[in-house]
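Reviewing the structure listed below.
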Amino acid sequence: MKIVHAADIHLDSQLKGLSRLGDETAGVLRGATREALSNLVGLVQSEDAGLLVIAGDLYDGDWNAYATGAFFVRQMDVLNDLGIPVVIASGNHDAQSQITRSLKLPDNVRMLPVDKPDSVVLEDLGIVVHGQGYPTRDVTENLVAAYPSRIPNMVNVGVLHTAVAGAEGHALYAPCSPQDLEMLKYDYFALGHVHQRGVVVEGAHPAWFSGNLQGRKASETGPKGALVVDFDPGRPAQVDFHALDVARWEQVSVDVTDLNDTDAMLDAIEASLRMTVGAAAGRRTVARVHLVGTSRLAARLQNTEWLDAEIEHIQEQTGAVVETTKVEVVAPLAPDPEAALLRTAMAKTADHLRETPVGLTNLLKSLDRDIRDIAKGQSTSSQDSLDLTDESVALRLLQKAQSALDARLAGLEH
């Protein structure tokens, strides 16, 4: 027995600022949520799933775009013709939507109530779905605290639009704890609201965020889609992600440290974008490129006109669409012109001291207290037994001091 869990479809979401990406890409992104919904219906069919569960935010707020609702109905009609039920818990965006309040849905679609939790029993499937939708946008109480107990001898599925204990970038709606979800002992909990896919409870009573169906902005990166949940007797539900997005947003970081040639740097950017486009498997890829590191090219990269022209050429070669390029590359420290002179002088002094070890030991004796502190840990013997009058000890200390200073001055020189 399989079900499909999706959430946060935000159908026909009114995306802004797309014109800068070009007409073709803007057109793909504007239609992406519809095409992703079509892909979701196709997934239900190809997986031979018995049920589709949508955990809130089917729509994207309060506007009279009835064409949006009509498109959703046509997609649900496909599943209705196949006898596949759909259970939906409304989310915070759906609570404002006039579409939600006025749309006539096909017979296979069940909206969970918004005033209290209820259970939809699907006897022929052996599944019961428990849940509650949002009566208003701002639901701040723990809804799951009132969810009904599991029904024996059936697969129990919970549906909830929630931030659980909180998630970055998401309002704390219908807060609850993972323990609240697990205590109900449902076979699976389908969660919505958080746009990043992830598990909240593992083990015998798993709870998952499916993430949104289609990324809508630069912060919603990576593969987006739905979860196929497989129930087999005697083991926990098996959860499998399926990418359904049409366009994909990505953040591409390129470290240009030690790349002091423009061709090498541009090759690195192109290689990173090619890898990103390849991972998207043919989807339109919109990327933010972030250049970081330490390089002598830092000044060159401040020439935005040159960089933009090069990035445009790389776009044509890779098929990626670069939304922005952020440069945080710093120049290496300027070399110290005195470093080479100091190294030469130090080498001559060290050679002279080696030739006159008596002078070296006399020098060490004059610095007796200071040199013992410096030499602490440099000798295999204890500090108290360090004999600074011993020429072999003095020469060994000289060698170590010279090596350490030489390395530090070499860094300043280059």
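The values are calculated or read from the model by the stated rules, or taken from the named source; none is laboratory data. Keep in mind that what you see is a predicted model, and the values were worked out from it rather than measured. For neighbour counting, all protein chains shown are included, and Cβ atoms are generated from backbone atoms with ideal geometry for every residue, glycine included. Remember, those area values only see protein heavy atoms, side chains included, never the ligands or the DNA or RNA. Shrake-Rupley method; radii C 1.70, N 1.55, O 1.52, S 1.80 Å.
Data table
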quantity	calculated
Residue check for Ala280: open to solvent by 20 Å² or more (accessible area, probe 1.4 Å), under 27 Å from Gly22 (Cα atoms) and out of contact with any helix residue (DSSP H, G or I) (no Cβ under 8 Å at 6 or more places or on another chain)	no
Which numbered condition Ala95 misses (of (1) open to solvent by 70 Å² or more (accessible area, probe 1.4 Å); (2) modelled with pLDDT under 95; (3) not charged (D, E, K, R))	(1)
Unique residue being more than 18 Å from the chain's Cα centre (by Cα), assigned to a helix (DSSP H, G or I), touching a residue at least 12 places away in the same chain (Cβ under 8 Å) and more than 19 Å from Glu24 (Cβ to Cβ) when the list is Glu328, Glu310	Glu310
Of the criteria (1) more than 19 Å from Leu11 (Cβ to Cβ); (2) modelled with pLDDT under 95; (3) touching a strand residue (DSSP E or B) at 6+ places or on another chain (Cβ under 7 Å), which one Trp249 fails	(1)
Among residues of region 283-297, those that are open to solvent by less than 60 Å² (accessible area, probe 1.4 Å) and assigned to a loop (DSSP other than H, G, I, E, B), counted	3
Pick from region 195-238, criterion hydrophobic (A, V, I, L, M, F, W, C) and free of Cβ contacts under 8 Å to residues at least 60 places away in the same chain, ranking: farthest from Val289 (Cα to Cα)	Ala204
Given (1) over 24 Å from Ala49 (Cα atoms); (2) at pLDDT 95 or above, number of the condition Leu82 does not satisfy	(1)
Residue within region 387-407 that is of a type in the set (Ser, Thr, Tyr) and modelled with pLDDT of 85 or more present	no
The listed residue being closer than 21 Å to Asp232 by Cα and touching a residue at least 12 places away in the same chain (Cβ under 8 Å), out of Met111, Met154	Met154
Close pairs from region 172-192: first more than 15 Å from Gly91 (Cα to Cα), partner aromatic (Phe, Trp, Tyr) and surrounded by fewer than 21 Cβ atoms within 10 Å (Cβ to Cβ), Cβ under 7 Å, at least 6 apart	Asp187/Phe231
Verdict on Ala340 being within 30 Å of the chain's Cα centre (by Cα) and either farther than 30 Å from Lys217 by Cα or modelled with pLDDT under 95 (or both)	no
Enumeration of residues in region 121-141 that are open to solvent by 40 Å² or more (accessible area, probe 1.4 Å) and in contact with an Asp or Glu (Cβ under 7 Å, 6 or more places away or on another chain)	Pro135
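Here's the yes/no breakdown for (1) within 24 Å of the chain's Cα centre (by Cα); (2) of a type outside the set (Gly, Ala, Ser); (3) within 16 Å of Leu244 (Cα to Cα); (4) surrounded by fewer than 20 Cβ atoms within 10 Å (Cβ to Cβ):
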| residue | (1), (2), (3), (4) |
| --- | --- |
| Val4 | yes, yes, yes, no |
| Asp8 | yes, yes, yes, no |
| Leu21 | yes, yes, no, yes |
| Leu29 | yes, yes, yes, no |
| Val41 | no, yes, yes, no |
